[in-house]
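The structure under discussion appears below in the form of structure tokens.
A short reminder: the numbers here are calculations on the coordinates, not readings from a lab. Just so you know, these numbers come straight off a predicted model, no measurement behind them. No Cβ is skipped: glycine too gets one built from the backbone with ideal geometry, and neighbour counts run over all protein chains shown.
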Amino acid sequence: MSDLNKIALKILESGKGILAADESTGTMTKRLESVKIDSTSDNRIKFRETLFSSNGMKECIGGVILYDETIRQKSSDGKEIPKLLSELGSMPGIKVDTGAKEMANSSSEKITEGLDGLRERLKEYFNLGAKFTKWRGVYNISKDHPSKLSIHSNAHALARYAALVQECNMVPIVEPELLMDGNHSAEDCFKKTSEVIKKCFDELILHKVDLTGIILKPNMILAGSESSEQISNEETAKLTIKCLKESVPSDVPGIAFLSGGQTEIQATENLNLINKFNETNFIMSYSYGRALQQSALKHWAKDISDIAGTQKVFDHRAKMCTLAAQGKWSKELENV
Ligand code: 5MM
């Protein structure tokens, strides 16, 4: 077993998942302003430290994806954030892409940037304590999207990123996200997600990435949020498993889904069903941003000094997600 494989398995062991706390300052500002909190550097770390020092972190979260600002910050008692996480048994990770930008010659699509100077940035993050990294390619679904150009260039960038990360002894999370926005059918989501994931693996293999030392972070198969033909959670789970079974090489140890705008309960219930029906050898867990933090953020915003209360809300959500990652969640447990 390689060291990278060990890290990937450790992050996702026993139903543990990943907290995606890597919102860039722009996104975090939107999140904080939506609950009427000023997006100062101090408030950003206050909220994040509240989650990072919770029991839920210890019990359920195997890894946290940090943003560049956060990996350099200290807790209120002066501890470096990567150290705080490691002491709780959670691995510090870091988002290393520099964002999705308008693609030349296909202006309605995005290409993720950040390859220039990446080798040097990775060394710095490794020295700051990072054990894994994340890069997100983002695709929209419509009749003509994602285009071949977007599928090809994002897969190429993801593979170059992953190869550099492994060279620096960290586990790359490979995140191709097909967005829920639009009125596409679940069948379209299935077809296009399969095409995107297959192309990502073609490129990862071409770039000699060790597939046993990565974590895939995909979307689930859902109809577009504006589609009138929504499918059941059971159908989502079955289509998601079918898509991954057909598109992901069996060497990959773990899959950690993004929540992508699903509600907390929907993201939990779908993950639970995926694990109930899972007929693959992949660990199927979570790497949620919004679906882990939304309720905790709302609670915290009412009184930012209520650390214990906010942690209780987060602990519950993390526990529900971890049960779902083992196929042991039920709606009744939400009210216990
Ligand atoms: C936490 O949000 C991440 C994106 O932040 P920026 O857009 O500011 O870079 C995002 O990559 C996230 O890790 C994944 O999309 C999963 O988050 P959700 O909320 O979809 O589970």
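Quick notes on this structure:
- The distance linking region 55-112 with region 115-140 is 10 Å (Cα centroid to Cα centroid, whole angstrom).
- Summed over qualifying helices (DSSP H, 4 residues or more, each -39500 (n - 2.57)) and divided by its residue number, the chain shows a 222 nm mean residue ellipticity of -15000 deg cm²/dmol.
- Cleavage-rule hits (trypsin sites (Lys or Arg not before Pro)) in region 101-151: DSSP loop, at most 15 neighbouring Cβ within 10 angstrom: Lys143
- Label positions at Asp144 and Asn335, each projected 7 Å from the Cα along the C-beta direction, are separated by 5.1 nm.
- Shape call, region 212-336: gyration tensor on alpha carbons, a/c limit 1.5: prolate
- Per residue, the Cα convex hull of region 86-192 amounts to 114 Å³.
- Given R0 = 22 Å, the distance between the Cβ atoms of Glu102 and Glu226 translates into a calculated FRET efficiency of 0.45.
- Here the spin labels are modelled as points 7 Å beyond Cα on the Cα-Cβ line, and at Asp3 and Ser34 they lie 3.9 nm apart.
- Relative contact order of the chain, pairs being alpha-carbon contacts under 8 Å that are 6 or more residues apart, as %: 19 percent
- Using the average count of surrounding beta-carbon atoms within 10 Å as a protection proxy, the listed peptides 22-32, 214-224 rank, highest first, as 214-224, 22-32.
- In sequence order, calculated HN-Hα J values of region 148-161 (Karplus, 6.51, -1.76, 1.60; Hz; x Gly/Pro): 4, 4, 5, 4, 5, 6, 5, 5, 4, 5, 4, 6, 5, 4
- For region 54-85, the residues whose backbone nitrogen is under 14 Å from a point 7 Å from the Cα of Lys10, taken along Cα to Cβ, are 62-64, 83, 85.
- Within region 27-68: backbone nitrogen closer than 15 Å to the Lys302 label point (7 Å, Cα to C-beta): 35-36
- In terms of its C-alpha gyration tensor, the chain has a rounded overall shape, because the principal axis ratio a/c (a ≥ b ≥ c, square roots of the eigenvalues) stays below 1.5.
- Subset of Lys208/Lys238; Lys101/Lys238; Lys217/Lys238; Lys101/Lys123; Lys101/Lys242; Lys110/Lys245 violating a 23 Å alpha-carbon distance limit: Lys208/Lys238; Lys101/Lys238; Lys101/Lys123; Lys101/Lys242; Lys110/Lys245
- Karplus-derived 3J(HN,Hα) values for region 21-34, using 6.51 cos²θ - 1.76 cosθ + 1.60 with θ = phi - 60°, are 10, 9, 4, 5, 4, x, 5, 5, 5, 4, 4, 5, 5, 5 Hz; glycine and proline are entered as x.
- Rel. contact order, % - alpha carbon contacts under 8 angstrom, at least six apart, region 195-336: 23 percent
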